[in-house]
1. What's the number of the only condition in (1) outside any helix (DSSP H, G or I); (2) over 24 Å from G124 (Cα atoms) that A82 fails to meet?
2. Got a sec? Which of A84, A49, A57, A112 is at pLDDT below 90 and open to solvent by less than 60 Å² (accessible area, probe 1.4 Å)?
3. State yes or no: is F67 in a helix (DSSP H, G or I), touching a Gly at 6+ places or on another chain (Cβ under 8 Å) and either open to solvent by 20 Å² or more (accessible area, probe 1.4 Å) or closer than 22 Å to G92 by Cβ (or both)?
4. Does D18 qualify as being open to solvent by less than 50 Å² (accessible area, probe 1.4 Å), more than 17 Å from F78 (Cβ to Cβ), assigned to a helix (DSSP H, G or I) and modelled with pLDDT of 90 or more?
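The values are calculated or read from the model by the stated rules, or taken from the named source; none is laboratory data. Because the structure is a prediction, the values reported are computed rather than measured. Neighbour counts run over all protein chains shown; Cβ positions are idealised from the backbone, glycine included. Quick note on the areas: whole protein, heavy atoms, side chains included, nothing else; ligands and nucleic acids left out. Shrake-Rupley method; radii C 1.70, N 1.55, O 1.52, S 1.80 Å.
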Amino acid sequence: SCPAISTLPPLAGEKEIDEYVRRTGAERAKAEWMARTAKDFFGVPEDWARHAPIVLAERPGPLPPLFVECGDKDEYGFFEGARAFSEALARGGHSGQFVPLRGGVHCTIGQARIFSFLAASLYGEKAG
């Protein structure tokens with residue numbers, strides 16, 4: 001839950017940040033901070049290509065069922081990335097559940113949904 005998955009590349013320039021903010025509703029200062037921080041970890045495009053969550057989700061191989069929940073008003077614009085990650089999981093043949101939280105901001109969490117997902121994933125039952 002509360003995935004920090006962004007569609008903004010780490011080496012984004014001003015135009016890409018502008019477009020990301022316009023498209024996702026992210027706060028510009030938070031988008032700029034994300035780009036700066038990500039650049040520290042993924043300084044060259046090849047590093048990002050090896051670690052990009054949306055790309056990795058499409059690769060075959062074993063993964064546990066994943067629960068992805070995100071508010072559609074996330075100030076970092078993570079909703080777009082959470083949805084893209086969930087779609088990539090499906091393309092990769094992986095099990096997961098995407099729960100969009102209407103009106104939810106960053107780190108809005110629906111505990112009952114998480115518990116239901118865990119109960120179903122771990123024990124094959126619906127939490128009551």
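1. The failed condition is (1).
2. After ruling out the rest, the residue left standing is A49.
3. no
4. No, not satisfied.
Results for (1) closer than 19 Å to I114 by Cβ; (2) open to solvent by 30 Å² or more (accessible area, probe 1.4 Å); (3) not in a loop (DSSP other than H, G, I, E, B), shown as yes or no for each residue.
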site: P3; (1), (2), (3): yes, no, no
site: R23; (1), (2), (3): no, yes, yes
site: M34; (1), (2), (3): no, no, yes
site: E75; (1), (2), (3): no, yes, no
